[in-house]
Amino acid sequence: MPRLKSYKRIITSDYKKEDQEVVEQLGDTLNDAFGDIYYALNGRVELNTNISCSVRLVDVIVDSAGVPVSRILMGLNGILPVIGCQVIQAINQTNSNVYPTGAPFITYTQLDQAILINHITGLQANMRYTLRIVAYN
């Protein structure tokens, strides 16, 4: 999608004197709203602030079945139901030359303001990974 061209703000002096008061009231609201939309559609959307989600770094070691060797809780930004989790980064802290065998997939249970990670596929057993996880609401 191509970037949006700039937009023309509503300026009170462009209107008749008798309409300027109303135009100023509407212009303030509309200029702010269209400014936000313009910036969002031109690539200024941030995952943490514009999408309902929680992003966290989690250290994990899994066994050969993909079960974490210790209990892992990931805090959430509220208690909205989590509709899914996505690993967007996986760094092997034990051996940087050993990579995940597939895209890590997480099975979890939601506990109020956290999720309990039950299982993670795609990670090498008995190696410490730092995962950047997005939990979407």
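The values are calculated or read from the model by the stated rules, or taken from the named source; none is laboratory data. Everything numeric in this text was worked out from a predicted model, so none of it was measured. Cβ placement follows ideal geometry from the backbone for every residue including glycine, while neighbour counts extend to all protein chains displayed.
Do you know which residues across segment 21-59 are farther than 19 Å from Y136 by Cα and in contact with a strand residue (DSSP E or B) (Cβ under 9 Å, 6 or more places away or on another chain)?
Once the filter is applied, which keeps residues that are farther than 19 Å from Y136 by Cα and in contact with a strand residue (DSSP E or B) (Cβ under 9 Å, 6 or more places away or on another chain), segment 21-59 yields only D59.
Select, from S6, S13, the only residue that is polar (S, T, N, Q), modelled with pLDDT under 80 and not assigned by TED's automatic domain parsing to the domain that holds I117. So that I can check it myself, show each step before the final result.
Numbers: S13 fails: modelled with pLDDT under 80.
When all the criteria are applied, what remains is S6.
So which of L26, L57 ends up being surrounded by 11 or more Cβ atoms within 10 Å (Cβ to Cβ) and more than 29 Å from A90 (Cα to Cα)?
Just one listed residue meets the conditions, L26.
Taking segment 1-23 only, how many residues are surrounded by 11 or more Cβ atoms within 10 Å (Cβ to Cβ) and within 30 Å of I83 (Cα to Cα)?
The number of residues fulfilling the criteria is 0.
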